[in-house]
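Colleague: Here's a structure for you.
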Amino acid sequence: MMDSIGTWGSLVVFLALCFGASFFGARFRPGEWHAALEKPSWNPPNWLFAPVWTVLYIMIAVAGWLIWQSAPGSSAIWFWAAQLVFNAAWSWLFFGLHRMDLAFFDIVLVWIAVVAFIVTAWPISAMAALLFVPYLLWVSFAGALNYAIWSLNR
């Protein structure tokens with residue numbers, strides 16, 4: 001009984017870490033500055049970001065938790081933590097500081113950490129690695145969008 005409480009408790013911790021990163025980022029809203037920026041024609045509507053990130057944060061939490069259950073000291077868990085820190089920093093850089101350039105370099109670091117997680121998690125838990133694939137696709141898209149907005153507004 002105690003073991004299952006610890007198992008589920010650690011999942012709650014991973015969910016709390018992911019949604020803590022989300023809440024940190026949510027403090028920095030797009031606002032008028034972002035509305036005035038020129039954007040590419042393929043920029044998604046603002047309402048799409050919250051549901052996508054909600055699903056992704058749940059997947060990120062479960063992936064980290066799966067690795068934690070099998071290999072808590074592994075390099076995969078360190079890449080998991082790194083991507084979350086870089087992820088949380090992006091909104092502050094882009095929306096908070098209005099530094100599209102630094103935000104772009106930050107999202108490149110997110111992308112690298114996500115790929116490194118997938119590669120190092122695969123031998124430990126293929127499911128954890130696969131849970132990061134949609135995240136990798138979204139970060140790739142977000143990086144291209146960040147770069148396009150930066151390029152259009154230099």
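Colleague: Among the residues of the stretch 45-57, count how many are farther than 19 Å from Ala16 by Cα and touching a residue at least 12 places away in the same chain (Cβ under 8 Å).
Modeller: The number of residues fulfilling the criteria is 1.
Colleague: Same structure again: Consider Glu32 carefully, then state whether it is exposed (fewer than 12 other Cβ atoms within 10 Å of the Cβ) and at pLDDT below 95. Spell out how you get there, then give the answer.
Modeller: Details: exposed (fewer than 12 other Cβ atoms within 10 Å of the Cβ): yes; at pLDDT below 95: yes.
When the stated conditions are applied, Glu32 passes them.
Colleague: Trp8 passes all but one of (1) at pLDDT below 95; (2) within 15 Å of the chain's Cα centre (by Cα); (3) closer than 23 Å to Ala129 by Cβ; (4) of a type outside the set (S, T, N, Q); which number fails?
Modeller: Condition not satisfied by Trp8: (2).
Quick grid of which residues meet (1) charged (D, E, K, R); (2) more than 19 Å from Val55 (Cβ to Cβ); (3) touching a strand residue (DSSP E or B) at 6+ places or on another chain (Cβ under 9 Å):
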| residue | (1), (2), (3) |
| --- | --- |
| Ser75 | no, yes, no |
| Ser91 | no, no, no |
| Leu97 | no, yes, no |
| Asp106 | yes, yes, no |
| Leu109 | no, yes, no |
| Ile112 | no, yes, no |
| Ile118 | no, no, no |
| Met127 | no, no, no |
| Leu131 | no, no, no |
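Colleague: Out of everything in the stretch 87-103 that is among the aromatic types (Phe, Trp, Tyr) and surrounded by fewer than 22 Cβ atoms within 10 Å (Cβ to Cβ), what residue ends up being nearest to Gly64 (Cα to Cα)? Steps first, answer last, please.
Modeller: Just the residues of the stretch 87-103 that are among the aromatic types (Phe, Trp, Tyr), to begin with: 90, 92, 94-95.
With surrounded by fewer than 22 Cβ atoms within 10 Å (Cβ to Cβ) added as a condition, the list becomes 92, 95.
Working: Trp92: 23, Phe95: 27 Å.
If we take residues in the stretch 87-103 being among the aromatic types (Phe, Trp, Tyr) and surrounded by fewer than 22 Cβ atoms within 10 Å (Cβ to Cβ), then Trp92 is nearest to Gly64 (Cα to Cα).
Colleague: Quick one: would you say Val62 is more than 16 Å from Ala142 (Cβ to Cβ) and free of Cβ contacts under 8 Å to residues at least 60 places away in the same chain?
Modeller: The answer is no for Val62.
Colleague: Residues to consider are Leu56, Leu84, Leu66; find the one that is under 21 Å from Ala128 (Cα atoms), surrounded by 18 or more Cβ atoms within 10 Å (Cβ to Cβ) and touching a Ser or Thr at 6+ places or on another chain (Cβ under 7 Å).
Modeller: Working: Leu56 fails: touching a Ser or Thr at 6+ places or on another chain (Cβ under 7 Å); Leu84 fails: touching a Ser or Thr at 6+ places or on another chain (Cβ under 7 Å).
Matching residue, one of Leu56, Leu84, Leu66: Leu66.
Colleague: Which of the numbered conditions does Val114 fail, given that it passes all the others? Conditions: (1) of a type outside the set (D, E, K, R); (2) modelled with pLDDT under 95; (3) closer than 20 Å to Phe19 by Cα.
Modeller: (2)
The values are calculated or read from the model by the stated rules, or taken from the named source; none is laboratory data. Everything numeric in this text was worked out from a predicted model, so none of it was measured. Positions of Cβ are generated from backbone atoms using ideal geometry, with glycine treated the same way; all protein chains shown enter the neighbour counts.
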